[in-house]
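Chemist: This is the structure, below, for whatever I ask next.
The values are calculated or read from the model by the stated rules, or taken from the named source; none is laboratory data. Every value quoted in this text rests on a predicted model; they were computed, and no experiment measured them. Positions of Cβ are generated from backbone atoms using ideal geometry, with glycine treated the same way; all protein chains shown enter the neighbour counts. Just so you know, the surface numbers come from the protein's heavy atoms only, side chains and all, with ligands and any DNA or RNA stripped out. Shrake-Rupley method; radii C 1.70, N 1.55, O 1.52, S 1.80 Å.
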Amino acid sequence: MHAIAKNIACISARIRELEKLYARAENSVKLLAVSKQQPSEKIQQAIAAGQRSFGENYLQEALSKMAVIMDSSVEWHFIGRVQRNKAVSIAEHFSWVHSVTSLDIAKRLSHASLNKALSLNICIQVNIDDEPTKAGVLPNKVITLARELVTLPKLRLRGLMAIPKPNKTKKSQYAAFYKVAQLQAELLAAGVELDTLSMGMSADYDMAIKAGSTLVRIGTNIFGQREG
Ligand SMILES: *Cc1c(COP(=O)(O)O)cnc(C)c1O
């Protein structure tokens, strides 16, 4: 078996184990393969191994790989910073945007999706540790933004995405993810329908699943170190 196929099988098995361990429903956690700064050959190997959802951070890089791969069964997720002038193209080429951080960006994505058959799935990126240099909406601003986003046509608000700062201990990793899960619970209690918690990466997905993640974004553990 090829290394990438092996990695995907291994991580998928680990996700099923963690679901059991933390009393999560079977298959409630989806694996997003983060292919940024990885060549299209590696993506093709992952596709051959049955992986269908891929995450990309940079529009130009993603477009050139999509042009090579040209596989309509692949679901592309945009997980990087959305530049205002790229929003139209992002809406055209991706099924999901995990990194919506403002009403302005959401309006652009909504407008660009008007003539598409399917709604664009979006998540609000939360700056859960209130880090000045990190993208994302501050936790206390999330409910207001969510209420605005659900009124926009052709967008489907699916949930929250977060990248907590690196935490050394399992306990502090869990605490950060738990804050995101609590925020999601507040939104649900406020009547906003959501089904996605996009959190957990190679180094910390176990604690993310413990806290309620429904989608882990894994790059390095699938594809190895990134190029450049
Ligand atoms: C790069 C990236 C990942 C994957 O990180 P790994 O540590 O390689 O698993 C996940 N989410 C986002 C938003 C990223 O930018």
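Chemist: Look at LEU215 and say whether it is closer than 24 Å to ALA106 by Cβ, at pLDDT 95 or above and within 12 Å of the ligand (Cβ to nearest atom).
Modeler: Details: closer than 24 Å to ALA106 by Cβ: yes; at pLDDT 95 or above: yes; within 12 Å of the ligand (Cβ to nearest atom): yes.
So LEU215 fits the description; yes.
Chemist: Hey, could you check the range 210-222 for residues that are outside any strand (DSSP E or B) and open to solvent by less than 10 Å² (accessible area, probe 1.4 Å) and say which is farthest from GLN44 (Cα to Cα)?
Modeler: Our first condition is that a residue be outside any strand (DSSP E or B); within the range 210-222, this holds for 210-214, 219-222.
After this cut, where a residue has to be open to solvent by less than 10 Å² (accessible area, probe 1.4 Å) as well, the list is 213, 219, 222.
Numbers: SER213: 26, GLY219: 15, ILE222: 13 Å.
Looking at residues that are outside any strand (DSSP E or B) and open to solvent by less than 10 Å² (accessible area, probe 1.4 Å), I get SER213.
Chemist: Any residue in the range 7-29 that is free of Cβ contacts under 8 Å to residues at least 24 places away in the same chain sitting within a Cβ distance under 7 Å of a residue that is among the aliphatic types (A, V, I, L, M)? List the pairs, counting only those 6 or more apart or interchain.
Modeler: SER12/LEU31
Chemist: Being hydrophobic (A, V, I, L, M, F, W, C), within 24 Å of GLU17 (Cα to Cα) and over 14 Å from the mean Cα position of the chain (by Cα), is that true of even one residue in the range 186-198?
Modeler: So the first thing to find is which residues in the range 186-198 are hydrophobic (A, V, I, L, M, F, W, C), and the list is 187-190, 192, 194, 197.
Those still in the list that are within 24 Å of GLU17 (Cα to Cα) too: 197.
Filter once more, so that each one left must be over 14 Å from the mean Cα position of the chain (by Cα): none.
Looking through the range 186-198, none of the residues is hydrophobic (A, V, I, L, M, F, W, C), within 24 Å of GLU17 (Cα to Cα) and over 14 Å from the mean Cα position of the chain (by Cα).
Chemist: So how many residues does the range 183-205 have that are in contact (Cβ under 8 Å) with a residue 24 or more places away in the chain, within 16 Å of the ligand (Cβ to nearest atom) and surrounded by 20 or more Cβ atoms within 10 Å (Cβ to Cβ)?
Modeler: 6
Chemist: If you go through the range 169-209, how many residues are among the hydroxyl-bearing types (Ser, Thr, Tyr) and part of a strand (DSSP E or B)? Give the steps one after another, and end with the answer.
Modeler: Start the filter on the range 169-209 by keeping residues that are among the hydroxyl-bearing types (Ser, Thr, Tyr), which leaves 169, 172, 174, 178, 196, 198, 202, 205.
Checking which are part of a strand (DSSP E or B) leaves us with 196, 198.
Within the range 169-209, residues that are among the hydroxyl-bearing types (Ser, Thr, Tyr) and part of a strand (DSSP E or B) number 2.
Chemist: Counting only residues that are within 12 Å of the ligand (Cβ to nearest atom) and in a loop (DSSP other than H, G, I, E, B), which one in the range 50-69 is most open to solvent (accessible area, probe 1.4 Å)? Explain how you work it out, then say what you get.
Modeler: Step one: of the range 50-69, the residues within 12 Å of the ligand (Cβ to nearest atom) are 54-58.
Those left that are additionally in a loop (DSSP other than H, G, I, E, B): 57-58.
Numbers: ASN57: 28, TYR58: 113 Å².
Within the range 50-69, the match that is most open to solvent (accessible area, probe 1.4 Å) is TYR58.
Chemist: Restricting attention to the range 153-176, does a residue exist that is under 23 Å from GLU26 (Cα atoms), in contact (Cβ under 8 Å) with a residue 40 or more places away in the chain and more than 11 Å from the ligand (Cβ to nearest atom)?
Modeler: Taking every residue of the range 153-176 in turn, at least one turns out to be under 23 Å from GLU26 (Cα atoms), in contact (Cβ under 8 Å) with a residue 40 or more places away in the chain and more than 11 Å from the ligand (Cβ to nearest atom).
Chemist: I'm trying to understand the selection: among the residues of the range 32-49, which are within 18 Å of THR220 (Cα to Cα) and away from the ligand (no atom under 11 Å from the Cβ)? Can you show your working first?
Modeler: To start, the set of residues in the range 32-49 that are within 18 Å of THR220 (Cα to Cα) comprises 32-47, 49.
Of everything in the range 32-49, those that are within 18 Å of THR220 (Cα to Cα) and away from the ligand (no atom under 11 Å from the Cβ) turn out to be PRO39, SER40, GLU41, LYS42, ILE43, GLN44, GLN45, ALA46, ILE47, ALA49.
Chemist: With open to solvent by 60 Å² or more (accessible area, probe 1.4 Å) and on the phi < 0 side of the Ramachandran plot as the only criterion, which of ARG24, ARG81 stands out? Give the steps one after another, and end with the answer.
Modeler: Working: ARG24 fails: open to solvent by 60 Å² or more (accessible area, probe 1.4 Å).
Being open to solvent by 60 Å² or more (accessible area, probe 1.4 Å) and on the phi < 0 side of the Ramachandran plot holds for just one of ARG24, ARG81, which is ARG81.
Chemist: Report, by residue number, each residue of the range 189-198 that is closer than 15 Å to TRP96 by Cα and in contact with a Leu (Cβ under 8 Å, 6 or more places away or on another chain). Break it down into steps so the answer makes sense when it comes.
Modeler: Going through the range 189-198, the residues closer than 15 Å to TRP96 by Cα turn out to be 194-198.
Hits for the range 189-198 are LEU194, THR196, LEU197, SER198.
Chemist: Identify, by number, the condition in (1) among the acidic types (Asp, Glu); (2) open to solvent by 20 Å² or more (accessible area, probe 1.4 Å); (3) within 13 Å of the ligand (Cβ to nearest atom) that GLU75 doesn't meet.
Modeler: Tallying (1) among the acidic types (Asp, Glu); (2) open to solvent by 20 Å² or more (accessible area, probe 1.4 Å); (3) within 13 Å of the ligand (Cβ to nearest atom), GLU75 fails exactly one: (3).
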